[in-house]
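The values are calculated or read from the model by the stated rules, or taken from the named source; none is laboratory data. Only a predicted model underlies this, so the values are computations on that prediction, with no experimental measurement involved. Cβ placement follows ideal geometry from the backbone for every residue including glycine, while neighbour counts extend to all protein chains displayed. Remember, those area values only see protein heavy atoms, side chains included, never the ligands or the DNA or RNA. Shrake-Rupley method; radii C 1.70, N 1.55, O 1.52, S 1.80 Å.
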Amino acid sequence: MNKINIQPVPGNVGVEIQGVDLTKKVPESLFEEIREAFIENGLIFFRNQNLTPEDQIRFAEQWGKININRFFAKVEGYDQIAEVRKEPDQKGNIGGEWHTDHSYDQIPALGSILLAKEIPSKGGDTLFASMYKAYENLSDGMKVTLENLNAIHSSRHIFGDGSVYSKSSKGRIVNSELATQDAIHPVIITHPESKKKALYVNRAFTLRFEGWTDEESKPLLNYLYDHAACENNTTRFKWSPGSIAFWDNRCTWHNALNDYHGERRLMHRITIEGSALV
Ligand code: SIN
């Protein structure tokens with residue numbers, strides 16, 4: 001029977017999965033092992049997977065329904081695949097702040113599968129952080145305080161008219177008029193599959209605590225953001241063409257480093273629909 005090889009990566013979140021060829025449909029027995037690793041770690045990496053768009057879509061569909069992203073430009077001919085692109089003459093990148101995808105949706109995404117197509121000669125790494133560990137490493141007092149709080153998340157200030165992206169990402173981030181989503185989620189969620197608790201606020205999309213003003217919320221949110229992004233809670237992934245990161249949006253954050261001006265970086269992202277958070 002085939003067995004995959006699961007290796008920890010440097011840092012404190014994520015594992016690399018070896019011994020699987022994603023250019024073919026993953027057999028059910030292997031898929032179950034990969035699924036367990038994904039649920040347990042919230043972040044899995046693969047190397048040297050030179051997938052066609054069809055291969056990436058087939059792998060994504062093994063996990064659930066594909067979410068067609070409203071804001072990202074699409075890979076030509078493949079509405080299911082969002083393009084994460086930065087050209088040599090562009091300064092701003094996409095995803096260059098700690099965030100989890102789609103927290104502004106009432107039902108946030110399960111996860112995203114990011115495939116490296118073209119990588120700069122140096123730089124362009126992605127940082128990841130574990131929100132399981134961020135929760136576990138809070139004091140008991142803080143955990144009790146946060147258990148009773150909800151937070152408001154929004155897409156407006158990121159993707160809407162007048163937002164940072166609408167000025168700096170012409171043609172890459174589109175449909176600013178569709179950035180109308182606001183959502184309220186618990187600050188501490190119980191992951192629907194692992195049943196573990198995770199911190200669920202993020203610097204990009206969370207606006208404030210429900211019932212609190214922005215000013216009241218800011219100090220505690222900033223404390224949580226610094227706490228969650230501390231070095232012993234994160235990993236830094238160095239890409240090469242054919243690398244894949246598949247992250248669980250319910251229990252990780254990511255942050256794409258923007259340190260490769262003058263070079264091209266092109267990634268293909270597929271996002272998978274999730275379920276309501278409690
Ligand atoms: C994203 O936030 O989806 C992009 C991450 C990356 O390009 O590394």
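Of the residues in region 40-56, how many are surrounded by fewer than 17 Cβ atoms within 10 Å (Cβ to Cβ) and in a helix (DSSP H, G or I)? Lay out the reasoning, then the answer.
Taking region 40-56 as the starting set, the residues that turn out to be surrounded by fewer than 17 Cβ atoms within 10 Å (Cβ to Cβ) are 40, 47-48, 50, 52-54.
Retained after the next criterion (residues that are in a helix (DSSP H, G or I)): 40, 53-54.
Adding up the residues that qualify gives 3.
Pairs under 7 Å by beta carbon, first residue more than 21 Å from Ala151 (Cβ to Cβ) in region 103-125, partner among the small types (Gly, Ala, Ser), six or more apart or different chains?
Within 7 Å, the pairs are Ile113/Ala60; Leu114/Ala245; Ala116/Ser240; Ala116/Gly242; Ala116/Ser243; Ile119/Ser240.
Can you spot a residue in region 162-174 that is in contact with a strand residue (DSSP E or B) (Cβ under 8 Å, 6 or more places away or on another chain), within 16 Å of the ligand (Cβ to nearest atom), farther than 17 Å from Gly14 by Cβ and modelled with pLDDT of 95 or more?
Taking region 162-174 first, the residues in contact with a strand residue (DSSP E or B) (Cβ under 8 Å, 6 or more places away or on another chain) are 165-166, 172-174.
Still in the list and also within 16 Å of the ligand (Cβ to nearest atom): 165, 172-174.
Restricting the remaining residues to those that are farther than 17 Å from Gly14 by Cβ gives 165, 172-174.
From the residues that got through so far, the ones that are modelled with pLDDT of 95 or more too are none.
So far as region 162-174 goes, no, none of its residues is in contact with a strand residue (DSSP E or B) (Cβ under 8 Å, 6 or more places away or on another chain), within 16 Å of the ligand (Cβ to nearest atom), farther than 17 Å from Gly14 by Cβ and modelled with pLDDT of 95 or more.
Looking only at residues that are in a loop (DSSP other than H, G, I, E, B) and within 14 Å of the ligand (Cβ to nearest atom) in region 242-278, which one is nearest to Thr190 (Cα to Cα)? Working first, answer last.
Taking region 242-278 first, the residues in a loop (DSSP other than H, G, I, E, B) are 242-243, 249-251, 257-264, 273-278.
With within 14 Å of the ligand (Cβ to nearest atom) added as a condition, the list becomes 243, 249, 257-260, 263-264.
Values: Ser243: 30, Asn249: 13, Leu257: 29, Asn258: 32, Asp259: 35, Tyr260: 37, Glu263: 40, Arg264: 39 Å.
Checked region 242-278; the qualifying residue nearest to Thr190 (Cα to Cα) is Asn249.
Mind counting the residues in region 69-102 that are closer than 18 Å to Phe246 by Cβ, out of contact with any helix residue (DSSP H, G or I) (no Cβ under 9 Å at 6 or more places or on another chain) and more than 11 Å from the ligand (Cβ to nearest atom)?
Here the count works out to 0.
Testing Leu266 on (1) open to solvent by less than 60 Å² (accessible area, probe 1.4 Å); (2) modelled with pLDDT under 95; (3) more than 15 Å from Gly42 (Cβ to Cβ), one condition comes back false. Which one is that?
Answer for Leu266: the failing condition is (2).
Filter region 50-68 down to the residues that are away from the ligand (no atom under 13 Å from the Cβ) and polar (S, T, N, Q), then identify the one that is modelled with the lowest pLDDT.
Asn50
Go through region 132-199 and tell me which strands (runs of 3 or more DSSP E), entirely inside it, have 2 or more residues that are within 20 Å of Trp212 (Cβ to Cβ) and within 18 Å of the chain's Cα centre (by Cα).
Numbers: elements: 150-154, 182-186, 188-190, 197-199.
Strands (runs of 3 or more DSSP E) meeting the threshold: 150-154, 182-186, 188-190.
Does Glu215 satisfy the condition of being under 15 Å from the mean Cα position of the chain (by Cα) and away from the ligand (no atom under 12 Å from the Cβ)?
On the way: under 15 Å from the mean Cα position of the chain (by Cα): no; away from the ligand (no atom under 12 Å from the Cβ): yes.
It is false that Glu215 is under 15 Å from the mean Cα position of the chain (by Cα) and away from the ligand (no atom under 12 Å from the Cβ).
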